[in-house]
1. Can you confirm whether the range 68-77 contains a residue that is among the acidic types (Asp, Glu) and within 30 Å of Tyr304 (Cα to Cα)?
2. May I ask you to list pairs of residues, at least six apart or on different chains, whose Cβ atoms are under 7 Å apart, with the first in the range 11-23 being on the phi < 0 side of the Ramachandran plot and the second being of a type in the set (Lys, Arg) and open to solvent by 10 Å² or more (accessible area, probe 1.4 Å)?
3. Kindly indicate the residue of the range 253-266 that is at pLDDT 90 or above and open to solvent by less than 20 Å² (accessible area, probe 1.4 Å) and also farthest from the chain's Cα centre (by Cα) among those meeting that condition.
4. Does the range 48-85 hold any residues that are in contact (Cβ under 8 Å) with a residue 40 or more places away in the chain and β-branched (Val, Ile, Thr), and which are they?
5. Within the set of pairs 6 or more residues apart or between chains, which connect a residue that is buried (at least 21 other Cβ atoms within 10 Å of the Cβ) inside the range 154-166 to a residue that is charged (D, E, K, R) with Cβ atoms less than 8 Å apart?
6. Hey, among the residues in the range 74-109 that are touching a helix residue (DSSP H, G or I) at 6+ places or on another chain (Cβ under 9 Å) and among the charged types (D, E, K, R), which one's least open to solvent (accessible area, probe 1.4 Å)?
7. Considering the range 201-252 alone, what residues qualify as being buried (at least 17 other Cβ atoms within 10 Å of the Cβ), over 27 Å from Leu296 (Cβ atoms) and modelled with pLDDT of 85 or more?
8. Among the residues of the range 1-38, which ones are at pLDDT 90 or above and of a type in the set (Val, Ile, Thr)?
Amino acid sequence: MSPNPPPIFEFLLFDGFSNMVLASAMEPLRDVRMNAGQETAGWRVTTLDGAPVRSSSGLQITPDGGFDEHAGNRTLVLVAGYRVRGQLSPALLAKLRTAARQAKLVLALDTAAWLLAAAGLLNGHTATIHWQELDAFAEAFPKTQVSTARFVRSGPFLTCGGASTALDLMLSLIQDLYGSAAAFGASTMFVYDPSRQSELNRGAARLEQKGSPKVLKAANLMAETIEAPLNTAELAKRVSLSERTLARAFQRELGMTPGKYYKMLRLQHARYLSEETHLSLEQIALRCGFSSASSLGRSYSGLYGRTLREARVQERPWEASGDNGRGR
């Protein structure tokens, strides 16, 4: 067991929460953990009493357990939606005040800022909320400075509105906690099928406002040429930059060289193929631009601290045991 447990994000769900908001906050964390390892980020889902809750679309979620306001060493993520006012109670507000004192950070998504403000936790802070609630929120809580920004960080509190703003908030937090490359990778998640993503204008191309156009264009080229990687000189030429300028741009925005990012992208694709297909390691190596399985293996273990074969067994234990079941 690791002596330093991974940071825990606790998602406290309230009846009427939005599935899209929850996914927008949780999926980027899944991407970070998938690409950086189980030790990087963890999460659990709770409700106030440990009972299932229903989303705004009627989907029932069974939590991992009940909410403990005294737990420490966590980032608390409150996810509320419709009927938030009807869920207020003195007991809930007392729990939130206790939990806020223990938590590293408190994120309030969608309408959850209403809960924090009602508990008096946003007095003297700046906050935002779902756009439909902005006027009512400002009127109800005059001691809170209300902002129309997509998300706001004020002290230990981060607030946002709907699903797209929750994604913005989480990517910003990932950048702070895990670095620019992790945030960029999470923002371009599911880029593992480069030709299809390019055809659908997904992946890095979707995020033209998130980074410089040249870096985004280079990242797209990398995603499209995983099987036959370009050298840095050719990559720079294709985006109309000098090698030196491209290197500076990647270092400034992603904290690493183009070559390192390119290799990381190829290794992430190798990991995906290992977990999701029955291709041999030799076939995976060729599809990811490596000369051999041994070359891929050295690079993979250097980044992830374990072999690709070990990763495949961990993610697909039925293969090691001879079970034909699917673990998805």
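1. No, the range 68-77 contains no residue that is among the acidic types (Asp, Glu) and within 30 Å of Tyr304 (Cα to Cα).
2. If the second residue must be of a type in the set (Lys, Arg) and open to solvent by 10 Å² or more (accessible area, probe 1.4 Å), the pairs left are Asp15/Arg54; Asp15/Arg83.
3. Pro258
4. Val53, Ile61, Thr75, Val77, Val79, Val84
5. Listed pairs, sorted by first residue: Cys160/Asp110; Cys160/Arg150; Cys160/Asp168; Gly161/Asp110; Gly161/Arg150; Thr165/Arg150; Ala166/Asp110.
6. Top of the filtered list is Arg74.
7. Scanning the range 201-252 gives Lys214, Leu241, Ala249.
8. Val21
The values are calculated or read from the model by the stated rules, or taken from the named source; none is laboratory data. None of the values given here were measured: they were computed from a predicted structure. So basically every Cβ, Gly included, is an ideal-geometry build from the backbone, and we count neighbours across all protein chains shown. In case anyone asks, the SASA skips ligands and DNA or RNA and just uses the protein heavy atoms, side chains included. Shrake-Rupley method; radii C 1.70, N 1.55, O 1.52, S 1.80 Å.
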